[in-house]
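**Student:** Okay, handing you the structure first.
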Amino acid sequence: LVLRPGSRQQDALSSGNGLALASDPGGTLNFLAMVENLQGDSGRGYYLELLIGTPPQALNILVDTGSSNFAVAGVPDPDVTSYFNTELSSTYKSQGIDVTVKYSQGSWTGVLGTDVITIPKGIYGSYTINIAIILESENFFLPGVKWQGILGLAYSTLAKPSSSVETFFDSLVRQAKIPNIFSLQMCGAGLPVSGNGTNGGSLVLGGIEPSLYKGDIWYTPIKEEWYYQVEILKLEVGGQNLELDCREYNADKAIVDSGTTLLRLPEKVFIALVQAIARTSLFMEFSSGFWTGSQLACWDKTERPWSLFPKLSIYLRDENSSRSFRISILPQLYIQPILGLGENLQCYRFGISSSSNALVIGATVMEGFYVIFDRAQRRVGFAVSPCAEVDGSPVSEIEGPFTTADVASNCVSSVSFHELWIASYALMSLCGIILLVLIIRLLIPPRCQHGYTDNDVVNDESSLVHHRWK
């Protein structure tokens, strides 16, 4: 690997933190060893093998950039093939702290502890990590999944029961002294979303591997460090602007999340997009159930229905706020093969859904790109992924720069939902303290147990693969 001074590739690989390049055999990081360390598919998630405890127990862990807890099955479950037995690990230490994470379509409850982990296809060495042992769950482990835990890679702000719980990646950065950056490639473009789960993928911890992308990396700022929140400027269908106020795309946030299967759009945006696709597509009538996810559409296996649908483009603000760039996906990414019927028919689902409270760039889009989560420089990068090909042709594109003169200078509300939540939580805490003082005056309080509150809810369905298949 030869880097030209001042080149975009050199900028991508240099973070100012002593980054060891993939071509450096004596370095602490060997990114080539991390290539294809993931397996899975967009329907049931991409997972990484981890070795946990002493002696090590091997588990497959779902990679999720939309949550922040590292949690593994700690008891037998009918939907998991294995679990982490804490009694067999001499290095496991319970912290005795109950933790519950409730999702819109599932939840788990467990206890916090610590243990050592190693990553067979990751960075060298063993590290002590906070780990939640899942003791009870509901609609979390589903039939057919091949993972037994979840690796939350978002910021500690989202960690439960509080942001004081150091996240998995923060622990690696501190203990292994790696740069505060990771990158992700998921290689399931055009493949069945509920297939055999053996599609490849790569999670590169500590940097960027040049063989996993083509062309330039385009970066957009992280607006707030909780989810990986970005700023969407506009959407196009078949080259035609949806002509919505840019604030509609960011209501109440827009995030990049590998734990969500679909591209999820605020309801108003979703309706406009479906109408635009229907106008642009090369057919006159189509079932409304297909757009809402309640029905599949089937064609003869010899046909390629993707030619009937338009390209979709998402514009993101560049680091230079007066510029933007667009990431585009072809229909091969959002018209997804899911089920074969007999010898003649192949059925497809619509890889986009409506959302009550967020725009979520999930696996539908991410499978087209190599995505860089550059926490050190507070930005998310996108580059075309070489594995985003169907029948030998690329199914994703990146183009830019474009002017932002036609959009607002700020498409994100000045007071975010997250800030309102913090203010509400502070007010509730104050009221709770006052109430507690009054109760103490009347009786001796029983032992306090942690239970569900609204603040335990990750309420945008973004931290688990919910929309698997129907």
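No value in this document is a laboratory result; all are computed from the given coordinates. Please read all numbers here as calculations on a predicted model, not as lab measurements. In this analysis, Cβ positions are derived from the backbone assuming ideal geometry, glycine residues included, and neighbour counts consider all displayed protein chains.
**Student:** So, in nm, how far is label Ser82 from label Glu138 when the simple model puts each one 7 Å beyond its Cα toward the Cβ?
**Tutor:** A separation of 3.0 nm, rounded to one decimal place.
**Student:** Kirkwood Rh over Cα pairs of segment 255-358 into Stokes-Einstein at 20 °C, 1.002 mPa s: D in µm²/s?
**Tutor:** 141
**Student:** Charges only on Cβ, +1 for Lys and Arg, -1 for Asp and Glu: so what's the dipole of segment 37-178 about the Cα centre, in debye to the nearest 20?
**Tutor:** Value, rounded to 20: 360 debye.
**Student:** Follow-up question, since we're still on this one. Once each part is reduced to its C-alpha centroid, what is the distance from segment 125-165 to segment 287-338 in angstrom?
**Tutor:** 31
**Student:** Among Gly190, Gly362, Ile329, pick out the residue whose Cα is farthest towards the positive end of the charge dipole of segment 180-435, where Lys and Arg carry +1 and Asp and Glu carry -1 on C-beta, about the Cα centre.
**Tutor:** Going by the Cα projections, it comes out as Gly362.
**Student:** For segment 339-348, take each phi angle, set θ = phi - 60°, evaluate the Karplus expression 6.51 cos²θ - 1.76 cosθ + 1.60, and give the result in whole Hz per residue in order, putting x for glycine and proline.
**Tutor:** Per-residue couplings from phi come out as 7, x, 10, x, 8, 10, 10, 10, 9, 10 Hz.
**Student:** While we're looking at this one, here's another question. Under 12 Å from the 7 Å Cα→Cβ point of Gln175, by amide nitrogen: which residues of segment 48-65?
**Tutor:** Counting only backbone N, you get 51-54.
**Student:** Write down the radius of gyration of segment 180-435 and its Dmax, each obtained from C-alpha positions, in Å.
**Tutor:** Expressed in Å, the Cα Rg and Dmax of segment 180-435 come to 19.2, 69.
**Student:** In addition: Count the DSSP beta bridges whose two residues both fall in segment 37-178, then state the antiparallel fraction as a percent rounded to the nearest 5.
**Tutor:** For segment 37-178, the DSSP antiparallel bridge percentage is about 85.
**Student:** A further question on this structure: Starting from the coordinates of the alpha-carbon atoms of segment 233-291, obtain the Kirkwood hydrodynamic radius over all distinct pairs and give the value in Å to one decimal.
**Tutor:** Kirkwood hydrodynamic radius for segment 233-291: 12.8 Å.
**Student:** Dipole magnitude of segment 83-139 about its Cα centre, charges +1 at Lys/Arg Cβ and -1 at Asp/Glu Cβ only, in debye to the nearest 20?
**Tutor:** It comes to approximately 220 debye.
**Student:** Can you order the peptides 374-381, 203-210, 84-91 by their average number of other Cβ atoms within 10 Å per residue, highest first?
**Tutor:** 203-210, 374-381, 84-91
**Student:** Where nothing but the Cβ of Lys and Arg (+1) and of Asp and Glu (-1) is charged, how large is the charge dipole of segment 180-435 around its Cα centre, in debye to the nearest 20?
**Tutor:** 180
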